[in-house]
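**Student:** Quick one: structure below, then a few questions.
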Amino acid sequence: MSKKPSPRTPAASTAGPATPADTAAPEPGALPGRLTAAAVLTALEGLALAGLGVYMLFVGIAGHPDSPQQAETGGVTLLALAALPLIAARGLRLGRRWSRGPALITQLMALPVAWTLWTTGGAMTAAAVALALAAVAVTALLVNPTATEALGIGPVDQAR
């Protein structure tokens, strides 16, 4: 029983046209640890947004906010925004090349939010530091050559 060569090996590139099996994404277990870490951090960001959205909806419906309509609208907006990092995290975990863009966009949107939390001060300072560290870490993980090559984005060494 022979193992089929990877689409990134010279044997696969000289064998003729690519078949659907050759162009399939790598197994999640075969992904580099950097890509897995980026997927986990991105998913945590999405879950935090979703949790905050559910909380705002709950306060808007069952609590006594100053403006119930504003709380409910904010909650629905946060739930919709949570979809972007959650979908991107799933794509990263499955090794889909399209997922890098939404994941990077999420990190770029997180940095101004972290700055706003930082300038608020108080208890928000810890949240600002955590968010900024996560955003910088995920960005660094996603632009790493190991991750880009695993997603089929970066240049593949032709000398192999």
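**Student:** Looking at (1) under 18 Å from Leu44 (Cβ atoms); (2) open to solvent by 30 Å² or more (accessible area, probe 1.4 Å); (3) over 13 Å from the mean Cα position of the chain (by Cα), which is the one condition that is false for Gly122?
**Tutor:** Among (1) under 18 Å from Leu44 (Cβ atoms); (2) open to solvent by 30 Å² or more (accessible area, probe 1.4 Å); (3) over 13 Å from the mean Cα position of the chain (by Cα), the lone unmet condition for Gly122 is (1).
**Student:** Can I ask one more? Within the set of pairs 6 or more residues apart or between chains, which connect a residue that is open to solvent by less than 70 Å² (accessible area, probe 1.4 Å) inside the range 64-88 to a residue that is assigned to a loop (DSSP other than H, G, I, E, B) with Cβ atoms less than 7 Å apart?
**Tutor:** Ala71/Pro65
**Student:** Pairs under 7 Å by beta carbon, first residue in contact (Cβ under 8 Å) with a residue 40 or more places away in the chain and open to solvent by less than 30 Å² (accessible area, probe 1.4 Å) in the range 35-56, partner of a type in the set (Val, Ile, Thr) and in a helix (DSSP H, G or I), six or more apart or different chains?
**Tutor:** Ala38/Val138; Thr42/Thr106; Thr42/Val138; Glu45/Thr106
**Student:** Could you check, for the range 134-145, whether at least one of its residues is surrounded by fewer than 14 Cβ atoms within 10 Å (Cβ to Cβ) and either farther than 24 Å from Pro32 by Cα or not hydrophobic (A, V, I, L, M, F, W, C) (or both)?
**Tutor:** Scanning the range 134-145, I find at least one residue that is surrounded by fewer than 14 Cβ atoms within 10 Å (Cβ to Cβ) and either farther than 24 Å from Pro32 by Cα or not hydrophobic (A, V, I, L, M, F, W, C) (or both), so the answer is yes.
The values are calculated or read from the model by the stated rules, or taken from the named source; none is laboratory data. In this text, all values refer to a predicted model and were calculated from it rather than measured experimentally. As a convention, Cβ positions derive from the backbone with ideal geometry for all residues, glycine included, and neighbour counts pool all protein chains shown. Remember, those area values only see protein heavy atoms, side chains included, never the ligands or the DNA or RNA. Shrake-Rupley method; radii C 1.70, N 1.55, O 1.52, S 1.80 Å.
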